[in-house]
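The values are calculated or read from the model by the stated rules, or taken from the named source; none is laboratory data. In this text, all values refer to a predicted model and were calculated from it rather than measured experimentally. FYI the Cβ positions are ideal-geometry reconstructions off the backbone, even for glycines, and counts take in every protein chain you see.
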Amino acid sequence: MGELKQSDKSSGQPLNKPLNKPLNFDETYRCPACGSGELSAIAMMDVFACDFCRHMFTANLSAQSVHLADSIQPMSWQWNGWQWRTAQQTDMAAALVWAFAGVLAVTPVVLIAVSNYIFPPLEGSNFPLMWTGLTLVSHSLMSGWLLAEYHRWPWYVGGRIRFQRWRERWLTQEIA
């Protein structure tokens with residue numbers, strides 16, 4: 001199988017960088033869990049560890065995948081040669097979480113909109129519209145938080161870790 005070479009778009013010259021590199025313990029990869037750290041193999045073990053979020057991953061080199069080893073939630077990613085893809089898991093819980101998040105975001109807004117329709121506000125009052133918008137924004141944020149906690153999206157996990165480290169630095173400066 002021939003390796004594809006990436007080329008510089010401005011000059012069209014090859015950069016001698018293979019596009020498709022197989023998963024192995026000799027390389028480092030961007031962490032699929034936090035998206036900020038780098039995965040590298042731990043010496044004398046068949047696992048990867050992230051230098052940022054400190055998660056450990058068991059690797060299946062024949063399937064080109066890693067599995068989050070230090071978490072209760074089963075998370076795994078497939079390596080396609082240059083980036084990670086979430087491994088497709090048939091998980092009924094994910095569908096329930098998405099359905100609950102949708103109901104959480106939409107139901108209160110519909111209740112407020114219907115009550116404004118049945119009992120119209122005084123003319124010239126923008127309060128019901130502002131209240132409906134505020135409800136939509138706040139419940140959408142709650143739903144987004146719920147989905148991010150369940151799916152552990154890399155931007156969310158990395159942000160939580162950065163915030164936790166900033167908070168620890170701030171508290172140690174406050175004490176000193």
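Quick one: would you say A94 is within 30 Å of R54 (Cα to Cα), in a helix (DSSP H, G or I) and of a type in the set (A, V, I, L, M, F, W, C)?
Yes, satisfied.
Mind checking which pairs have a first residue in the stretch 26-40 that is under 15 Å from A69 (Cβ atoms) and a second that is assigned to a loop (DSSP other than H, G, I, E, B) and of a type in the set (K, R), Cβ under 8 Å, 6 or more apart or different chains?
A33/R152
Can you tell me how many residues in the stretch 152-173 are within 21 Å of S71 (Cα to Cα) and modelled with pLDDT of 90 or more?
The total comes to 1.
Within the stretch 89-109, can one find any residue that is closer than 30 Å to L23 by Cα, in contact with a strand residue (DSSP E or B) (Cβ under 8 Å, 6 or more places away or on another chain) and either surrounded by fewer than 13 Cβ atoms within 10 Å (Cβ to Cβ) or not β-branched (V, I, T) (or both)?
Yes: the stretch 89-109 contains one or more residues that are closer than 30 Å to L23 by Cα, in contact with a strand residue (DSSP E or B) (Cβ under 8 Å, 6 or more places away or on another chain) and either surrounded by fewer than 13 Cβ atoms within 10 Å (Cβ to Cβ) or not β-branched (V, I, T) (or both).
If the requirement is being under 21 Å from C53 (Cα atoms), touching a residue at least 60 places away in the same chain (Cβ under 8 Å), under 16 Å from the mean Cα position of the chain (by Cα) and not in a helix (DSSP H, G or I), which of these qualifies: Q73, Q78?
None of the other options fit; the residue is Q73.
Does S143 satisfy the criteria of being closer than 18 Å to L39 by Cα, polar (S, T, N, Q) and surrounded by 15 or more Cβ atoms within 10 Å (Cβ to Cβ)?
So S143 fails the test.
Looking at (1) under 30 Å from N24 (Cα atoms); (2) of a type in the set (S, T, N, Q); (3) in a loop (DSSP other than H, G, I, E, B), which is the only condition S125 fails?
That leaves (1) as the condition not met.
As an exercise: evaluate V110 against (1) assigned to a helix (DSSP H, G or I); (2) among the β-branched types (V, I, T); (3) in contact (Cβ under 8 Å) with a residue 40 or more places away in the chain and give the number of the one condition it does not meet.
Of the numbered conditions (1) assigned to a helix (DSSP H, G or I); (2) among the β-branched types (V, I, T); (3) in contact (Cβ under 8 Å) with a residue 40 or more places away in the chain, the odd one out for V110 is (3).
Give just the number: which of (1) under 21 Å from A93 (Cβ atoms); (2) at pLDDT 90 or above does E149 not satisfy?
Unmet for E149, out of (1) under 21 Å from A93 (Cβ atoms); (2) at pLDDT 90 or above: (2).
Any idea which residue in the stretch 31-55 is nearest to N20 (Cα to Cα), counting only those that are of a type outside the set (G, A, S) and over 17 Å from the mean Cα position of the chain (by Cα)?
By that ranking, first place goes to F48.
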